[in-house]
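Engineer: The structure that follows is given in the form of structure tokens.
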Amino acid sequence: MGDHWLPYSAAALASGAVALVVGTLGLPMSSDDAALLQSAQLEEGRWLLAAAAFLFCSVGLGMGLPTFLFVMPLRGRRFGYLGTAALGLATMSIAAYAALLVFFQALVVEGVIGADEVAGIGDDRGVLGFSLLLVGSFYAGEALLAVGLLRARSVPRWVPALLGLHVAMLPFTGAVPVLGSIGAVVVGIAFMGVAVHANERFQLGRVSAIA
């Protein structure tokens, strides 16, 4: 099969990382239900853009997962497999999240749900379970990939360091909503770093093979 797929996978990973940042920054960060409802009613384009970005993110990250394994050919391979499996589950959850954003925004605009219903949705077991699946699989994948990349030593250390930093920020995100936006930028840069260095490794391998 070879590794001719790598440039396309790396490009997909970088694109998915950018879409993740765009989608996260596009959504309101306020934890106030009234502000959330007002945003959904008055900023329809913003919500649709965020949903489209998350859907593109899901596709891009899913296609870019093999890039992580490319930069962990020997050392860290087990962590790479586990990390990509967890992150793969997260990418599917992100696609479902994008659909839920569109559905929620439509319900708000049509007046089907209000502040009381929003509070109830937040306490629903199904919603909580889905949120735990999305967040848990994403952060678990990051942590495993960070360890694998450290063991592989095939990318600069700042890449797994950023992934570890994003994981470490998780306990504080609820109390400081702005950390969600900062965290998206941090993980986006880390993923793009993996994509860039994987492509460089691929190009160097081709030059060496020709020489």
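The values are calculated or read from the model by the stated rules, or taken from the named source; none is laboratory data. Keep in mind it's a predicted model, so treat the numbers as computed, not measured. Glycine also receives a Cβ, built like all others from the backbone with ideal geometry; neighbour counts cover every protein chain displayed. The accessibility values were calculated without ligands, DNA or RNA, using every heavy atom of the protein model including side chains. Shrake-Rupley method; radii C 1.70, N 1.55, O 1.52, S 1.80 Å.
Engineer: Looking only at the range 25-74, count how many residues are out of contact with any Lys or Arg (no Cβ under 9 Å at 6 or more places or on another chain) and free of Cβ contacts under 8 Å to residues at least 60 places away in the same chain.
Structural biologist: The number of residues fulfilling the criteria is 24.
Engineer: Another one. Report, ordered by the first and then the second residue, all pairs with beta carbons closer than 6 Å, sequence separation of six or more or different chains, a first member in the range 123-144 that is under 14 Å from residue 88 (Cβ atoms) and small (Gly, Ala, Ser), and a second member that is assigned to a helix (DSSP H, G or I) and open to solvent by 40 Å² or more (accessible area, probe 1.4 Å).
Structural biologist: Sorted first by the residue in the range 123-144, then by its partner, the pairs are 137/89.
Engineer: Report, ordered by the first and then the second residue, all pairs with beta carbons closer than 8 Å, sequence separation of six or more or different chains, a first member in the range 103-122 that is open to solvent by 70 Å² or more (accessible area, probe 1.4 Å), and a second member that is assigned to a loop (DSSP other than H, G, I, E, B) and modelled with pLDDT of 80 or more.
Structural biologist: If the second residue must be assigned to a loop (DSSP other than H, G, I, E, B) and modelled with pLDDT of 80 or more, no pairs are left.
Engineer: Give 155, 186, 176, 167 a once-over and let me know the one that is under 22 Å from residue 64 (Cβ atoms), more than 16 Å from the chain's Cα centre (by Cα) and aliphatic (A, V, I, L, M).
Structural biologist: 155
Engineer: Suppose we keep only residues that are within 19 Å of residue 87 (Cα to Cα) and open to solvent by less than 50 Å² (accessible area, probe 1.4 Å) within the range 4-14. Which one would you say is modelled with the lowest pLDDT?
Structural biologist: Among residues in the range 4-14 that are within 19 Å of residue 87 (Cα to Cα) and open to solvent by less than 50 Å² (accessible area, probe 1.4 Å), the one modelled with the lowest pLDDT is 6.
Engineer: Can you tell me which residues in the range 80-100 are open to solvent by 60 Å² or more (accessible area, probe 1.4 Å) and without any contact (Cβ under 8 Å) to a residue 60 or more places away in the chain?
Structural biologist: 81, 85, 89, 92, 97, 99, 100
Engineer: Pairs please, first residue from the range 149-178 and touching a residue at least 40 places away in the same chain (Cβ under 8 Å), second anywhere and of a type in the set (Val, Ile, Thr), Cβ atoms under 8 Å, 6+ apart in sequence or on different chains.
Structural biologist: Sorted first by the residue in the range 149-178, then by its partner, the pairs are 149/71; 149/155; 149/159; 149/194; 152/71; 154/71; 155/71; 155/194.
Engineer: Sticking with this one: Return a yes/no flag: does the range 3-11 have any residue that is without any contact (Cβ under 8 Å) to a residue 40 or more places away in the chain and not aromatic (Phe, Trp, Tyr).
Structural biologist: Among the residues of the range 3-11, at least one is without any contact (Cβ under 8 Å) to a residue 40 or more places away in the chain and not aromatic (Phe, Trp, Tyr), which makes the answer yes.
Every residue, every condition in (1) over 30 Å from residue 109 (Cα atoms); (2) open to solvent by less than 50 Å² (accessible area, probe 1.4 Å); (3) at pLDDT 90 or above; (4) hydroxyl-bearing (Ser, Thr, Tyr), yes or no:
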| residue | (1), (2), (3), (4) |
| --- | --- |
| 2 | yes, no, no, no |
| 16 | no, yes, yes, no |
| 23 | no, yes, yes, no |
| 33 | no, no, no, no |
| 43 | no, no, no, no |
| 53 | no, yes, yes, no |
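Engineer: Regarding residue 60, is this residue over 23 Å from residue 133 (Cα atoms) and of a type outside the set (Val, Ile, Thr)?
Structural biologist: Here the answer is no, as residue 60 does not meet what is asked.
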